[in-house]
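Shown below is the structure under consideration.
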Amino acid sequence: MKSDTPTAVRIVPQVQLGNSLLHKMAEIRDKIAHRAYELFAFRGFSHWHDLDDWFRAESELFRAMPIKVTETDQSVTVQAGVPGFIEKHLEISVEPRWLVIAGTHEKKSDNKEKDRTIYSETSNQVFRAFYLPAEIDPCKAKAFLNQGELEITLPKNEIGTQLAAKKAVS
């Protein structure tokens, strides 16, 4: 039976802006490119399907993650659907203007045969990286997971909060 109590998810505030994000994005790009090349080779190296191969590789490797971002004067809140993931499967990195949500979990297979998967619509990985609408304080970020729903609260830094207040008054 699943609990209705939200579980805290560890957030890694990034000190060096952009370095971890660029590294992670390069790693993801390489995985997708490798799979896209496999698809290209499987089709006999026939040209003019580059984008199709790329999108198919992307969908095979990473599960879609619905996201909702809301903003108040004090914070930015991100809600993400990550069904099947638990807190230890997720890695959340926060920079003043960036949020990265990545996750991988092991698939358990009851298949006793030694068959080889040619194509699968399911993925055990998620990845989203996006630019935040306001500068936040990475050290004050909090994340909770409750039955496949991830909620990340990102308090704005002092300057961002003051700018939002001035904008509201104007």
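Among the residues of the range 63-71, are any closer than 20 Å to Ile101 by Cα, of a type in the set (Ser, Thr, Tyr) and not in a loop (DSSP other than H, G, I, E, B)?
Yes, the range 63-71 has at least one match.
Would the range 108-124 turn up any residue that is closer than 21 Å to Ala64 by Cβ, modelled with pLDDT under 70 and within 14 Å of the chain's Cα centre (by Cα)?
The answer is yes, given that some residue of the range 108-124 is closer than 21 Å to Ala64 by Cβ, modelled with pLDDT under 70 and within 14 Å of the chain's Cα centre (by Cα).
Here's a follow-up. Filter the range 80-96 down to the residues that are in a loop (DSSP other than H, G, I, E, B) and surrounded by fewer than 16 Cβ atoms within 10 Å (Cβ to Cβ) and list them by number.
Pro83, Gly84, Ile86
While we're here: Could you identify the single residue in Arg63, Arg43 that is at pLDDT below 90, under 18 Å from the mean Cα position of the chain (by Cα), farther than 21 Å from Ala8 by Cα and not polar (S, T, N, Q)? Show your work before the answer.
Working: Arg43 fails: under 18 Å from the mean Cα position of the chain (by Cα).
Matching residue, one of Arg63, Arg43: Arg63.
Next up: Considering every residue within the range 16-29, establish whether at least one is loosely packed, with under 10 Cβ neighbours inside 10 Å, at pLDDT below 85 and more than 19 Å from the chain's Cα centre (by Cα).
There is at least one residue in the range 16-29 that is loosely packed, with under 10 Cβ neighbours inside 10 Å, at pLDDT below 85 and more than 19 Å from the chain's Cα centre (by Cα).
Quick check on my filter: what residues within the range 125-138 are out of contact with any Asp or Glu (no Cβ under 9 Å at 6 or more places or on another chain) and modelled with pLDDT of 90 or more? Even if it seems obvious, please write down each step before you answer.
The first filter runs over the range 125-138 and keeps only residues out of contact with any Asp or Glu (no Cβ under 9 Å at 6 or more places or on another chain), leaving 125-131, 135.
Residue satisfying the conditions is Glu135 alone.
Identify, please: which residue in the range 65-79 is in contact (Cβ under 8 Å) with a residue 24 or more places away in the chain and over 20 Å from Cys139 (Cα atoms) and is, among those, surrounded by the fewest Cβ atoms within 10 Å (Cβ to Cβ)?
Ile67
The values are calculated or read from the model by the stated rules, or taken from the named source; none is laboratory data. Only a predicted model underlies this, so the values are computations on that prediction, with no experimental measurement involved. In this analysis, Cβ positions are derived from the backbone assuming ideal geometry, glycine residues included, and neighbour counts consider all displayed protein chains.
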